Amino acid sequence: MSRPFSAVVLLTLAACGDVPSSPVPDAGPDGGPQCMAQAEICNGVDDDCDTVVDDGCPADGGSISIGGGGTSSEYGGTTTNGMANTRFELTCPAGTAIVGFHARAVEAINTLGAYCAAPTVHRRAAGVPYQYEVLATDSSSLPEVGVEGSGAAVPDQRCPEGQFVVGVHIWTGSHERGDTIQGLTAICSPYEVTGGAGAAASRSGSPVELERIGTGNAATATTAHDFSCPEQQLINRIVGHYGPWPVYPDYFTVNAMKLDCGTLGVPVVSAP
């Protein structure tokens, strides 16, 4: 299933870099007009006369890379009712990150899947210096992990268009037969491309919280946990365990999870 996502936050690119206080003439090709070197300002012109147009500016249409990043603590338990739980991974394809969840849940989370999308640089049609936005493209869905048929289907929880999951609220429950995950809320954020020629980066904007998945159970002692990726990172992988629910062992639930973040790297124009 594929669904395009639209833009996030607008930016204005400022001229960067040290340049002479007065233009320095360079000879034009084949004895043509001289190029007057100035700071590159992302305008479709070779301002600094190095034969590369907009070098160092964000690359329009370029895929934003996702490298290594931070990792959360492991929440919940990996053994319940005396049974070692089954390990699972929800890992987005390379170059993509989580933009939402689909699940089956009631008081706990019975099955959990994720939606992923790729952050991509896009130049707006008008304005000089150029203005850029981040699109979320190439959406994909990771199948739900857990035991099929458990729990009840809940509404999909997806970030607003152009936003990615950057953090979560997690509720864990402690029971005499083990610990479990009692609830999950995704925190989404838009991203903006910032900086002028030679200085491009991604950073998060204002966060948006989605609805909670899993209502919790009164028979367990509940603890709330908050996790957010560091600046310029977003969640692209969840590792966890599912097994018998400590409260009622006949039901299977997600009982543990840990979240991995990936660091964004904005592609820039460079000499071929």
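Numbers at a glance
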quantity	calculated
Subset of the range 105-150 [more than 30 Å from ASP54 (Cα to Cα), without any contact (Cβ under 8 Å) to a residue 60 or more places away in the chain and over 21 Å from the mean Cα position of the chain (by Cα)]	GLU148, GLY149
Qualifying residue in the range 202-216 (condition: free of Cβ contacts under 8 Å to residues at least 40 places away in the same chain, among the hydroxyl-bearing types (Ser, Thr, Tyr) and farther than 17 Å from ILE235 by Cβ)	yes
Wholly enclosed strands (runs of 3 or more DSSP E) of the range 199-256 bearing at least 1 residues buried (at least 24 other Cβ atoms within 10 Å of the Cβ), modelled with pLDDT of 95 or more and touching a Phe, Trp or Tyr at 6+ places or on another chain (Cβ under 8 Å)	233-244
Near pairs, Cβ below 6 angstrom, 6+ apart or cross-chain, from the range 156-169 (over 13 Å from ILE235 (Cβ atoms) and touching a residue at least 40 places away in the same chain (Cβ under 8 Å)) to any residue that is β-branched (Val, Ile, Thr) and surrounded by 21 or more Cβ atoms within 10 Å (Cβ to Cβ)	GLY162/VAL8
Cross-chain or 6+ apart pairs with Cβ under 7 Å, the range 46-68 first and surrounded by fewer than 18 Cβ atoms within 10 Å (Cβ to Cβ), then of a type in the set (Asp, Glu)	VAL52/ASP46; VAL53/ASP46
Counted residues, the range 146-170 - those being among the hydrophobic types (A, V, I, L, M, F, W, C), within 30 Å of GLU231 (Cβ to Cβ) and part of a loop (DSSP other than H, G, I, E, B)	1
Search result, residues across the range 88-132 that are over 27 Å from GLY149 (Cα atoms), modelled with pLDDT of 95 or more, hydrophobic (A, V, I, L, M, F, W, C) and not in a strand (DSSP E or B)	ALA94
Subset of the range 171-193 [over 18 Å from GLN232 (Cβ atoms), of a type outside the set (A, V, I, L, M, F, W, C) and outside any loop (DSSP other than H, G, I, E, B)]	THR172, GLY173, SER174, HIS175, GLY178, ASP179, THR180, GLN182, GLY183, THR185
Given (1) assigned to a strand (DSSP E or B); (2) at pLDDT below 95, number of the condition GLY196 does not satisfy	(1)
Of all residues making up the range 257-271, the number that are modelled with pLDDT of 95 or more and farther than 24 Å from PRO190 by Cβ	2
Close pairs (6 angstrom Cβ cut-off, 6 or more residues apart or separate chains): over 15 Å from GLY265 (Cβ atoms) in the range 181-201, of a type in the set (Lys, Arg) anywhere	GLY183/ARG212; THR185/ARG212
Some residue of the range 76-91 being among the hydrophobic types (A, V, I, L, M, F, W, C), closer than 20 Å to GLU209 by Cα and surrounded by 21 or more Cβ atoms within 10 Å (Cβ to Cβ)	no
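Per-residue answers, yes or no, for (1) of a type in the set (S, T, N, Q); (2) within 18 Å of the chain's Cα centre (by Cα); (3) farther than 24 Å from PRO93 by Cβ:
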residue: HIS169; (1), (2), (3): no, yes, yes
residue: SER174; (1), (2), (3): yes, no, yes
residue: ARG203; (1), (2), (3): no, yes, no
residue: THR222; (1), (2), (3): yes, no, yes
residue: PHE227; (1), (2), (3): no, yes, no
residue: GLN232; (1), (2), (3): yes, yes, no
residue: ILE235; (1), (2), (3): no, yes, no
residue: ILE238; (1), (2), (3): no, yes, no
residue: GLY243; (1), (2), (3): no, no, yes
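So that you can scan it fast, the table gives a plain yes or no per residue for (1) among the hydrophobic types (A, V, I, L, M, F, W, C); (2) modelled with pLDDT of 90 or more; (3) in contact with a Leu (Cβ under 8 Å, 6 or more places away or on another chain):
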{"site": "VAL19", "(1), (2), (3)": "yes, no, no"}
{"site": "ALA27", "(1), (2), (3)": "yes, no, no"}
{"site": "ALA37", "(1), (2), (3)": "yes, yes, no"}
{"site": "ASP47", "(1), (2), (3)": "no, yes, no"}
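The values are calculated or read from the model by the stated rules, or taken from the named source; none is laboratory data. Everything quoted here is computed from the prediction, not taken from an experiment. No Cβ is skipped: glycine too gets one built from the backbone with ideal geometry, and neighbour counts run over all protein chains shown.
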